[in-house]
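Take a look at the structure below.
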Amino acid sequence: MKLAYYFPIFILAIIFSCTKPPNYPIEPVIEFERMSRNTMIQGDKNTDSIVVTISFTDGDGDLGSNDSIFDIFVKDTRFPDVPGANPIQYKMPFVPIQGVGNGISGEISILTYNSCCTYDSLFNPCDTMAYVVFPTDDLILEIFIKDRAGNESNRVLTDTIILDCKVN
């Protein structure tokens, strides 16, 4: 009789111990989560910054690198096809592959520095005299990551960042 009493508990223990690891695609998938704030002072000397946080999943868990390969890319969308306006590149810490189920998920926080306000052809970027005509500039960042196999994630956009153009 005692065996019949403990048998259902034993079955539940087996069911919960055999859960499958997450089934993520092998390409990283990211989502924009949040920013520490939505305003910055313009400038070209890294005088102001915000923290952008994205979440990620990766089915084979091959994120980060021990060498000099960059794997996080942040692009200013105001310059979509301008030569030399390449994305700013960051390194993600190496994530070791562990066990049979290598699917991983988490968050990445990226410290991004200020940029210059851009104007029409009458003013140069970061020109504080243009503040009278252009008090603010809107900036949206595009972010993507790559894993060690070279698989590129989807691209996400941040919320609008407002640059205060009067200060440089």
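The values are calculated or read from the model by the stated rules, or taken from the named source; none is laboratory data. Everything numeric in this text was worked out from a predicted model, so none of it was measured. Please note: Cβ atoms are built from the backbone with ideal geometry, for glycine as well, and neighbour counts cover all protein chains shown.
Among the residues of the range 41-53, those identified as in a strand (DSSP E or B) and more than 30 Å from P25 (Cβ to Cβ) are I41, S49. Considering only residues that are touching a Phe, Trp or Tyr at 6+ places or on another chain (Cβ under 7 Å) and in contact (Cβ under 8 Å) with a residue 60 or more places away in the chain, look in the range 49-62 and name the one that is surrounded by the fewest Cβ atoms within 10 Å (Cβ to Cβ). Of everything passing the filter in the range 49-62, S49 is surrounded by the fewest Cβ atoms within 10 Å (Cβ to Cβ). Number of residues in the range 35-48 that are without any contact (Cβ under 8 Å) to a residue 60 or more places away in the chain and surrounded by 15 or more Cβ atoms within 10 Å (Cβ to Cβ): the value is 0. Of all positions in the range 7-15, none carries a residue that is closer than 22 Å to P125 by Cβ, at pLDDT below 90, of a type outside the set (A, V, I, L, M) and more than 19 Å from the chain's Cα centre (by Cα). Among residues of the range 63-92 being in contact with a Leu (Cβ under 9 Å, 6 or more places away or on another chain) and either acidic (D, E) or modelled with pLDDT under 85 (or both), the one that is surrounded by the fewest Cβ atoms within 10 Å (Cβ to Cβ) is D76.
If the condition is being among the basic types (K, R) and out of contact with any strand residue (DSSP E or B) (no Cβ under 7 Å at 6 or more places or on another chain), then the range 116-168 contributes R148, K166.
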